[in-house]
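Visitor: One structure follows; several queries about it will come next.
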Amino acid sequence: MDIPAFLDQLVIARLSILKGLGMTVSISFLAICVGTMLGIGVGLALTYGGRPLRWIVRAYTDFIRGTPVLVLVLASYYVLGTIGVDLGPFEAGVLALAVFCSSHVGEIVRGALQSIAIGQTEAAKAIGLTFPQTFFHVLGPQALRQILPAWVNTAAEMVKASTLLSIIGVSELLLRTQELISRTFLSLEFYCFAGFLYFVVNYGIERFGRYVERKTAIPS
Amino acid sequence: MGYTLNFAAVWRSFDLLLEGLALSLALAVVAILIGCAIGLATAFLLMSKSGLYRRPARLYVTIIRNTPILVLILFAYFALPQLGVRLDKFESFVLTLAIYSGAYLAEVFRAGLSSVPAGLREAGLAIGLREAQIRGAIILPLMIRNVLPSLGSTFISLFKDTSLAAAIAIPELTFEARKINVESFRVIETWIVTSLLYVATCSVLAALIRVAERRMAVPK
Amino acid sequence: MAENLLEITGLHKQYGAVEVLKGVDCAMRPGEVISIIGSSGSGKTTMLRCINMLEDFQGGSIRIDGEAIGYRLDGDIRRRKKESEIARQRAMTGMVFQQFNLFPHMTAASNVMLGLVKVKKFAREEARAIAEKWLDRVGLRERADHYPGQLSGGQQQRVAIARAIAMNPKLMLFDEVTSALDPELVSEVLQVIKGLASDGMSMLLVTHEMRFAYEVSSRVIFMNQGRIGEEGDPREMFNRPRTERLAEFLRTSTFAK
């Protein structure tokens, strides 16, 4: 391992790496936000929807979850251009990741809502709360506490999945690392460095998640 | 829009897709076998009373779980040669996948081992069995029944992760699909068929695992 | 003659193909305390849950203070009332559950206040005052800011009673409220219920506690296979059961005079 040369090149390339990191964060952030919103809709549909709606949404999530993320990314990239939707690789990739995220979040939301004892809804009904009130004040807060750990996990998965966009040419951290390596031939050093950066981001997400969990825990 | 669905190009190359699928499955099987060995060993290390064994194991698990798998794959194929370790595409990919799955399986096995009641080991000692005999005849079979569901879902995940072999030009299913896509321009058809192949295979695998679970279940 | 608080006429309910309630009639005046006894599957809990529309019913009618509960007649067609209407009607009764069903993410006081603020539209300060008054009434003033997870079963059930009664219901419904409690915690809950009865609260209790039913009720209803088997004064019914089914039920239950 050539540390002095690596440090030299690192300083020279610092702007590129920062841009790559920024791109990775943008991809992950957008995918998580859009995916979570979609996923909440999916979860609500699976829990409270009528049978036809549940069937359609179930087919959607089963299809998405049975497909590798890379296939979703490639399909999004190639197909969207063909059917006349003019999206660049960044948009196509983020869309694919958001769809993938939504299937996981949907399952998490459904699981959390269905695990709340039916007695909670009955007690809320008994004091005269309407369904929106019940959902907002009784079911939602309880479900949220259960969703949090799994959701944080999914967010970390999205950061890792952002690397797949390098394959369709989006200039995120991994692609920039590869470009850097092709110039400097310091593959060992820079792959380790990239891995380290991803590790730090994910570990940070994990710690943040545990902090939020502790803060929102119900005293017992 | 002017795009009419025409599956002819895909059907012509369907045998290539199936070969790719077979390769994907083969890669997954070899990876999980090695991964199980690594995971089981790591699980024992994690449960050891000595920090000397526990800490490296925990470090391995934490690093692997927080690093994107694509980075690991590229590292194994492109960076390891710098350390003198020269593996061909297949070897490096399978090894990476095995090490990746080992980190997740370690947790699966650890939970499985913990769920076997400690009293059984003592009962075995009481009738005069040696530690190794107890592990082989009593603890391991029970643990296998416990971990089967998690093991199964890890294998299905691994099978989907074989799609990343396309990144280093291994001719598995996704790589073949991308070739067909680029050569035939039949974009939607290619990806629908490829997706369906993955989804169908995952469903079959899931069904097989359920059958195995039922076969191995302790009669109640 | 006082207007009937509760009137149940010809109540029919089925779950799929199984008829659970086969025509139940019951009239209740304000201030009455009625215990409903019977073996599992007799329909007693189902009948209670129909009164606040936690279960729907296919035939018959339920009226509280003359108001039809749950369904209205649209000419010849029987229609379910709007959900917002049903929610309003539910606030006329208070229900206490076997499993307490306190909201675990809210303190005892917040549990009691939720209905007051969201349904009765009280301001928070007023709601807090009412909540504290009722928590005091059930003996839990100092636990107002504790969470259900920090309370014993008996304490949780008493909070549940406060939550129901703070809504100022016309009728209180108790669904086997001591069945899930450890034996030593049962009496603190029964004491509270006795106190409410002597204050004149109208109550319907589904219960296994025969001694309690004997001591507190003005009337006992024995349910058997979806119908009312016998009803009357507790002293009459327990000492001189008129039907063989009731006699058998009393023999197999833990009733000591």
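The values are calculated or read from the model by the stated rules, or taken from the named source; none is laboratory data. All values reported here derive from a predicted model rather than from experimental measurement. No Cβ is skipped: glycine too gets one built from the backbone with ideal geometry, and neighbour counts run over all protein chains shown. The protein model used for the area step is the full one, side chains on, heavy atoms only, and it has no ligands, DNA or RNA in it. Shrake-Rupley method; radii C 1.70, N 1.55, O 1.52, S 1.80 Å.
Visitor: Under 6 Å between Cβ atoms, which residue pairs at least 6 apart in sequence (or on different chains) link something in region C:232-257 that is closer than 26 Å to C:A27 by Cα with a partner that is at pLDDT below 90 and open to solvent by 50 Å² or more (accessible area, probe 1.4 Å)?
Guide: Qualifying pairs under 6 Å: C:P234/C:Y214; C:F238/C:Y214.
Visitor: What's the number of the only condition in (1) of a type in the set (A, V, I, L, M); (2) under 30 Å from B:L196 (Cβ atoms); (3) open to solvent by less than 60 Å² (accessible area, probe 1.4 Å); (4) in contact (Cβ under 8 Å) with a residue 24 or more places away in the chain that B:A26 fails to meet?
Guide: Only one criterion is unmet by B:A26, namely (4).
Visitor: Given the options B:I99, B:I34, name the one that is within 28 Å of A:E172 (Cα to Cα) and either modelled with pLDDT of 95 or more or of a type in the set (V, I, T) (or both).
Guide: B:I99
Visitor: Contact list please: Cβ distance under 8 Å, first residue in region A:196-220 and open to solvent by 100 Å² or more (accessible area, probe 1.4 Å), second residue of a type in the set (G, A, S), pairs at least six apart or on different chains.
Guide: So the pair list comes out as A:S220/C:G149.
Visitor: Among the listed residues B:I170, B:I180, identify the single one that is assigned to a loop (DSSP other than H, G, I, E, B), touching a helix residue (DSSP H, G or I) at 6+ places or on another chain (Cβ under 9 Å) and open to solvent by less than 50 Å² (accessible area, probe 1.4 Å).
Guide: Going through B:I170, B:I180 in turn, just one is assigned to a loop (DSSP other than H, G, I, E, B), touching a helix residue (DSSP H, G or I) at 6+ places or on another chain (Cβ under 9 Å) and open to solvent by less than 50 Å² (accessible area, probe 1.4 Å): B:I170.
Visitor: Looking at region C:105-125, which of the residues that are more than 12 Å from A:I127 (Cβ to Cβ) and aliphatic (A, V, I, L, M) is surrounded by the most Cβ atoms within 10 Å (Cβ to Cβ)?
Guide: Checking each candidate, the answer is C:A108.
Visitor: Considering only residues that are open to solvent by less than 30 Å² (accessible area, probe 1.4 Å) and of a type in the set (G, A, S), look in region C:126-165 and name the one that is farthest from C:L181 (Cα to Cα).
Guide: Residue satisfying both the conditions and the ranking: C:A127.
Visitor: Sort out which residues of region C:117-138 are facing chain A (nearest Cβ under 9 Å) and not β-branched (V, I, T), and write them in order of number.
Guide: Listed by number, the residues that qualify are C:K118, C:K120.
Visitor: Quickly run through region A:170-202 and pick out the residues that are in a loop (DSSP other than H, G, I, E, B) and under 20 Å from the mean Cα position of the chain (by Cα).
Guide: Across region A:170-202, the qualifying residues are A:V170, A:S171, A:E172.
Visitor: Go through the residues of region C:185-192 one by one and say whether even a single one is in a loop (DSSP other than H, G, I, E, B) and under 18 Å from C:L135 (Cα atoms).
Guide: For region C:185-192, residues in a loop (DSSP other than H, G, I, E, B) and under 18 Å from C:L135 (Cα atoms): absent.
Visitor: Given (1) closer than 26 Å to B:S24 by Cα; (2) more than 11 Å from chain A (Cβ to nearest Cβ); (3) free of Cβ contacts under 8 Å to residues at least 40 places away in the same chain; (4) more than 17 Å from the chain's Cα centre (by Cα), where does B:R178 come up short, assuming only one miss?
Guide: Unmet for B:R178, out of (1) closer than 26 Å to B:S24 by Cα; (2) more than 11 Å from chain A (Cβ to nearest Cβ); (3) free of Cβ contacts under 8 Å to residues at least 40 places away in the same chain; (4) more than 17 Å from the chain's Cα centre (by Cα): (2).
Visitor: Scan region A:39-60 and tell me whether some residue there is in contact (Cβ under 8 Å) with a residue 24 or more places away in the chain, among the charged types (D, E, K, R), open to solvent by 20 Å² or more (accessible area, probe 1.4 Å) and away from chain B (no Cβ under 12 Å).
Guide: No, region A:39-60 contains no residue that is in contact (Cβ under 8 Å) with a residue 24 or more places away in the chain, among the charged types (D, E, K, R), open to solvent by 20 Å² or more (accessible area, probe 1.4 Å) and away from chain B (no Cβ under 12 Å).
Residue-wise test of (1) at the interface with chain A (Cβ under 10 Å from one of its Cβ atoms); (2) among the small types (G, A, S); (3) in a loop (DSSP other than H, G, I, E, B).
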{"residue": "B:G128", "(1), (2), (3)": "no, yes, yes"}
{"residue": "B:S157", "(1), (2), (3)": "yes, yes, no"}
{"residue": "B:I188", "(1), (2), (3)": "yes, no, no"}
{"residue": "B:V193", "(1), (2), (3)": "no, no, no"}
{"residue": "B:Y198", "(1), (2), (3)": "yes, no, no"}
{"residue": "B:T201", "(1), (2), (3)": "yes, no, no"}
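Visitor: Just one of C:G41, C:G70 is closer than 25 Å to A:G128 by Cβ and either crowded, with 16+ Cβ neighbours inside 10 Å or touching a strand residue (DSSP E or B) at 6+ places or on another chain (Cβ under 9 Å) (or both); which is it?
Guide: Testing whether each residue is closer than 25 Å to A:G128 by Cβ and either crowded, with 16+ Cβ neighbours inside 10 Å or touching a strand residue (DSSP E or B) at 6+ places or on another chain (Cβ under 9 Å) (or both) leaves just C:G70.
Visitor: Still on this structure, I have one more. Checking the structure you have, find out if any residue of region A:81-93 is more than 8 Å from every other protein chain (Cβ to nearest Cβ) and crowded, with 21+ Cβ neighbours inside 10 Å.
Guide: yes
Visitor: So, one more: Can you name the condition, by its number, that C:E176 falls short on among (1) within 11 Å of chain A (Cβ to nearest Cβ); (2) in contact (Cβ under 8 Å) with a residue 24 or more places away in the chain?
Guide: (1)
Visitor: What single numbered condition from (1) out of contact with any helix residue (DSSP H, G or I) (no Cβ under 7 Å at 6 or more places or on another chain); (2) more than 14 Å from chain A (Cβ to nearest Cβ) fails to hold for C:N168?
Guide: Exception for C:N168: condition (2).
Visitor: Restricting attention to region B:136-166, which residues are of a type in the set (G, A, S) and surrounded by fewer than 22 Cβ atoms within 10 Å (Cβ to Cβ)?
Guide: B:G136, B:A137, B:S150, B:G152, B:S153, B:S157
Visitor: Quick one: which of C:T93, C:T107 is within 25 Å of A:P141 (Cβ to Cβ) and hydroxyl-bearing (S, T, Y)?
Guide: C:T107 is the lone residue from the list that is within 25 Å of A:P141 (Cβ to Cβ) and hydroxyl-bearing (S, T, Y).
Visitor: A further question on this structure: Going through C:E215, C:E236 one at a time, which residue ends up being assigned to a helix (DSSP H, G or I), open to solvent by 70 Å² or more (accessible area, probe 1.4 Å) and in contact with a Pro (Cβ under 9 Å, 6 or more places away or on another chain)?
Guide: After applying the criteria, what remains is C:E215.
Visitor: Take C:M203 and decide whether it is at pLDDT 95 or above, open to solvent by less than 10 Å² (accessible area, probe 1.4 Å) and either over 24 Å from A:V138 (Cα atoms) or touching a His at 6+ places or on another chain (Cβ under 7 Å) (or both).
Guide: yes
Visitor: For region B:181-201, state whether one or more residues are among the acidic types (D, E), at pLDDT below 90 and farther than 21 Å from A:I64 by Cα.
Guide: Yes - at least one qualifying residue is present in region B:181-201.
Visitor: Of everything in region A:166-185, what is within 10 Å of chain B (Cβ to nearest Cβ) and buried (at least 22 other Cβ atoms within 10 Å of the Cβ)? Give them in sequence order.
Guide: Selection gives A:S166, A:L173, A:L174, A:T177.
Visitor: Among the strands (runs of 3 or more DSSP E) contained in region C:34-105, which hold 3 or more residues that are of a type outside the set (D, E) and touching a helix residue (DSSP H, G or I) at 6+ places or on another chain (Cβ under 6 Å)?
Guide: C:93-96
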